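Colleague: I have a structure I would like to understand better, so I am pasting it below and will then ask my questions one at a time.
The values are calculated or read from the model by the stated rules, or taken from the named source; none is laboratory data. In this text, all values refer to a predicted model and were calculated from it rather than measured experimentally. Heads up, the Cβs are rebuilt from the backbone with ideal geometry, glycines too, and the neighbour counts pull from every protein chain shown.
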Amino acid sequence: MIMELSNKTNENINRFHRGLEKSIPFTSSSKNKDKESSLPKILYPNPSGQRTVNIPVPFDVGTEIIERANKKGVNIGDYLKKVLRISGITPEPSTNAIVGNTKVTTLIGSKQIFDKTINLIENAKNNIQIEMFEFQNLKIDGNVWASNGAETVAGWKKQQEILDLLVKKKKGKPNLKIQVILDVHKWYEDSQGNALRHYNNQRMIKYLKDNNIDVVPYPKAHQGGTNLQHVKFLAVDSKKVLLGGMNWGTHSPANHDACISLETLPPHKHSEIDNIISEVFNKDWAFAWERLGKSKLVNGPVTKEEQENYGGIRKIIWPESVDYTKIIGELYNSPEYKNRYSDGKLDLPEVKPIENSAIKVLTTLPREYSQIGETGSESIGNYIKEKIDSAKSLRAELFVLSHPEVVEKIISRHKEAQRGGRHFDVQIILYSGIPEEFPYCQKAIKALSEAGVPLRMYQVNEEIQQRMHSKWAVFDNKELLIGSANWSMTGLESNLGMGKRDDYPLSDKKIDIEIYQHKPTISALEERLALKPIFDKDKKVDMIKLKQRKKILEHITTNNKSNEDISEVTIEGNKIILTKAAKAVVNKLLEYYDIVNTIQRRKGHYKRGNHECSVVIDNPKIASTFLNQFKKDWDYSEPSIPDGYGANLQPKTESDLNFKGNNILNLSKNNRSLNLMA
């Protein structure tokens, strides 16, 4: 079969799938041939070019299989993959189209992605630029990051070849520029779930540096960087780029993911590629070196002396911080590296961005990019929200969907269409493990499901710990958004301002309505104390007044703890006899003010996020390839097992939702994880 799957499913399946590219039609057998009739016509044949095998099955079984596949509108191979719970869908073949001065090629699945990656590196002549969240290899960090079954998947061998190929290229051609930016955020466990505090890519950075490859860690949050350097990016010779959702982790090939490659078309000397490299890698390269020269590598003390004089709250000396400082600090402990940005020795290959680029380049960047004369950015999130407001259709495959305002916009557009308003045809496929791995996402998925937004959970292969890791969407059947960004607050937002955000109108309104449900009780308590209401005429809480009043009431309760009646106190100019009953009212009002404050804090605030990049390709041919893949993945991710094979896993007795594998199930009412903020 032309698909990516685990060879571990069981030995019966292994006989057909080990290293083969086959599909499975059926012959039939019957002990009573006089009663044998002809098989039904196969309405949906296997794709041309696939090798086939004949598997003897009883005649009635063969008939049933064909009839059920016909009924489902799929070929026999894809139907049996669903019934047998074999993970994987045939990736759409790579297609290409001309966009501006650039050839764009689709890459779906690890085989296409890593075949192209190796090809680009092998043919590099002048320079290679890499920016990665994960760059792993078994010989470097296999004791921390295991393959966990990915070794059975097409594309895994190529992923493991990347490191040796880079080293070989550098040794064979010392003047070849290889520049690498890697994430170094702190992990708290290894790939087996064992507790292990360590910094991402630490060993890889040392190995690359030891092999004369120019590498720099992306600045962490305390350095003015981001929570994660989440970009997945490769550029070669300033003419070719590959980007998308696929990491270079040892287990990454097991995931269902997608990328695109882009190449400057001759005879053009410059193209949209120049814009992408300039906006993404070149800015990040400058920023990483500027921050390395002006900030401390780790947050907290790493020596006894530092601990004694440390003014911050993180006074513990963590072993992993000591280890990171010793290894990484020693690699860059010289003026050559610390002054590299200020000395203007970034050594970047020349690019010349073109005007009127046909490809949009979008990013999520912190405000600290001002240190290199640039600005922070939330252009990915802005684009998504603008397109949801205006688009007539949306298809998306998303690892994470939890951004509150994005979720509310999707719900609002869907409901508007259902009421006969502006057309909005939406379908979204999500990773089935998200609700368990990231419980804060449950609230968003629950809201979308209850609003009737068509969702399906991608059926992953749990035996190889597969994830549906995609981060792409197609708007209006022609405009592809693809890159590294999850549709979460950390993926789409950054610290561009201070305090509360003003661009959450829908989710803020929902929170205000939730708070307003407490108005009758709060108003009654305020009236008993002769206090003016904290709710204004627009049914919103005056939070400044609430916080001021809360301090006054807390001061009164603190200074009047005895059970004896106090003659009187003054609250906001009103004299109140503080009886035992009045004290009880004050305490109850404080409880409700705390509730309001807690709910209010769920509103969007400016926070430091991840570093991300995405591009927008406005081309129907490229979009159609992803839409064809979406259709396959949508059909594959049906919400129940087809045609009665096993129990239907969708009870409809309660409204609360839980998630198991591909199926949306019910949660008990007391599941508190639904209350977590997305």
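Colleague: Tally up the residues in segment 565-601 that are at pLDDT below 85 and within 16 Å of residue 515 (Cα to Cα), please.
Modeller: Residues meeting the conditions: 0.
Colleague: Quick check: anything in segment 417-430 assigned to a helix (DSSP H, G or I) and modelled with pLDDT of 95 or more?
Modeller: yes
Colleague: Check segment 108-117 and report whether any residue there is among the hydrophobic types (A, V, I, L, M, F, W, C), surrounded by fewer than 21 Cβ atoms within 10 Å (Cβ to Cβ) and over 21 Å from residue 51 (Cβ atoms). Spell out the reasoning first.
Modeller: Filtering segment 108-117 down to residues among the hydrophobic types (A, V, I, L, M, F, W, C) leaves 108, 113-114.
Okay, now just the ones that are also surrounded by fewer than 21 Cβ atoms within 10 Å (Cβ to Cβ), so none.
No; the residues of segment 108-117 include none that is among the hydrophobic types (A, V, I, L, M, F, W, C), surrounded by fewer than 21 Cβ atoms within 10 Å (Cβ to Cβ) and over 21 Å from residue 51 (Cβ atoms).
Colleague: Okay, next question. May I ask you to verify whether residue 125 is under 25 Å from residue 270 (Cα atoms) and surrounded by fewer than 22 Cβ atoms within 10 Å (Cβ to Cβ)? Spell out the reasoning first.
Modeller: On the way: under 25 Å from residue 270 (Cα atoms): yes; surrounded by fewer than 22 Cβ atoms within 10 Å (Cβ to Cβ): yes.
Here the answer is yes, as residue 125 does meet what is asked.
Colleague: Considering only segment 389-414, how many residues are surrounded by fewer than 20 Cβ atoms within 10 Å (Cβ to Cβ) and not in a helix (DSSP H, G or I)?
Modeller: Here the count works out to 2.
Colleague: Pick from 422, 456: which is in contact with a helix residue (DSSP H, G or I) (Cβ under 7 Å, 6 or more places away or on another chain) and within 25 Å of residue 110 (Cβ to Cβ)? Give the derivation first.
Modeller: On the way: 422 fails: within 25 Å of residue 110 (Cβ to Cβ).
Going through 422, 456 in turn, just one is in contact with a helix residue (DSSP H, G or I) (Cβ under 7 Å, 6 or more places away or on another chain) and within 25 Å of residue 110 (Cβ to Cβ): 456.
Colleague: Which condition from (1) out of contact with any Phe, Trp or Tyr (no Cβ under 8 Å at 6 or more places or on another chain); (2) under 17 Å from residue 207 (Cα atoms) is the one that residue 162 breaks?
Modeller: Only one criterion in (1) out of contact with any Phe, Trp or Tyr (no Cβ under 8 Å at 6 or more places or on another chain); (2) under 17 Å from residue 207 (Cα atoms) is unmet by residue 162, namely (1).
Colleague: Residue pairs, Cβ under 8 Å, 6 or more apart or interchain, first in segment 385-413 and without any contact (Cβ under 8 Å) to a residue 12 or more places away in the chain, second surrounded by 20 or more Cβ atoms within 10 Å (Cβ to Cβ) and in a loop (DSSP other than H, G, I, E, B). List them.
Modeller: Here the result reads none, with nothing in segment 385-413 linked to a residue that is surrounded by 20 or more Cβ atoms within 10 Å (Cβ to Cβ) and in a loop (DSSP other than H, G, I, E, B).
Colleague: Okay, moving on. Starting from segment 611-635, take each residue that is closer than 17 Å to residue 103 by Cβ and in contact (Cβ under 8 Å) with a residue 12 or more places away in the chain and list its partners that are of a type in the set (Lys, Arg) and surrounded by fewer than 20 Cβ atoms within 10 Å (Cβ to Cβ), counting only C-beta distances under 6 angstrom and pairs at least six apart or across chains.
Modeller: Pairs found: 616/360; 620/478; 623/478.
Colleague: Tell me which residues, restricted to segment 72-115, are at pLDDT 90 or above, assigned to a helix (DSSP H, G or I) and among the basic types (Lys, Arg). If you could, list the steps in order and put the result at the bottom.
Modeller: Just the residues of segment 72-115 that are at pLDDT 90 or above, to begin with: 91-115.
Filter once more, so that each one left must be assigned to a helix (DSSP H, G or I): 110-115.
Residue satisfying the conditions is 111 alone.
Colleague: Might you let me know whether segment 415-423 holds any residue that is farther than 17 Å from residue 633 by Cα, crowded, with 20+ Cβ neighbours inside 10 Å and in the same structural domain as residue 634 (by TED's automatic domain parsing)?
Modeller: Among the residues of segment 415-423, not one is farther than 17 Å from residue 633 by Cα, crowded, with 20+ Cβ neighbours inside 10 Å and in the same structural domain as residue 634 (by TED's automatic domain parsing), which makes the answer no.
Colleague: Then there's this: When you go through 442, 466 one by one, which is the residue that is buried (at least 22 other Cβ atoms within 10 Å of the Cβ), assigned to a loop (DSSP other than H, G, I, E, B) and on the phi < 0 side of the Ramachandran plot? If you could, list the steps in order and put the result at the bottom.
Modeller: Values: 442 fails: assigned to a loop (DSSP other than H, G, I, E, B).
Of the residues listed, the single one that is buried (at least 22 other Cβ atoms within 10 Å of the Cβ), assigned to a loop (DSSP other than H, G, I, E, B) and on the phi < 0 side of the Ramachandran plot is 466.
Colleague: I'm trying to understand the selection: among the residues of segment 152-169, which are assigned to a helix (DSSP H, G or I) and within 22 Å of the chain's Cα centre (by Cα)?
Modeller: 156, 159
Colleague: Right, next: Could you say which residue among 225, 149, 172 is assigned by TED's automatic domain parsing to the domain that holds residue 279, of a type in the set (Gly, Ala, Ser) and without any contact (Cβ under 8 Å) to a residue 60 or more places away in the chain?
Modeller: On the way: 225 fails: without any contact (Cβ under 8 Å) to a residue 60 or more places away in the chain; 149 fails: without any contact (Cβ under 8 Å) to a residue 60 or more places away in the chain.
None of the other options fit; the residue is 172.
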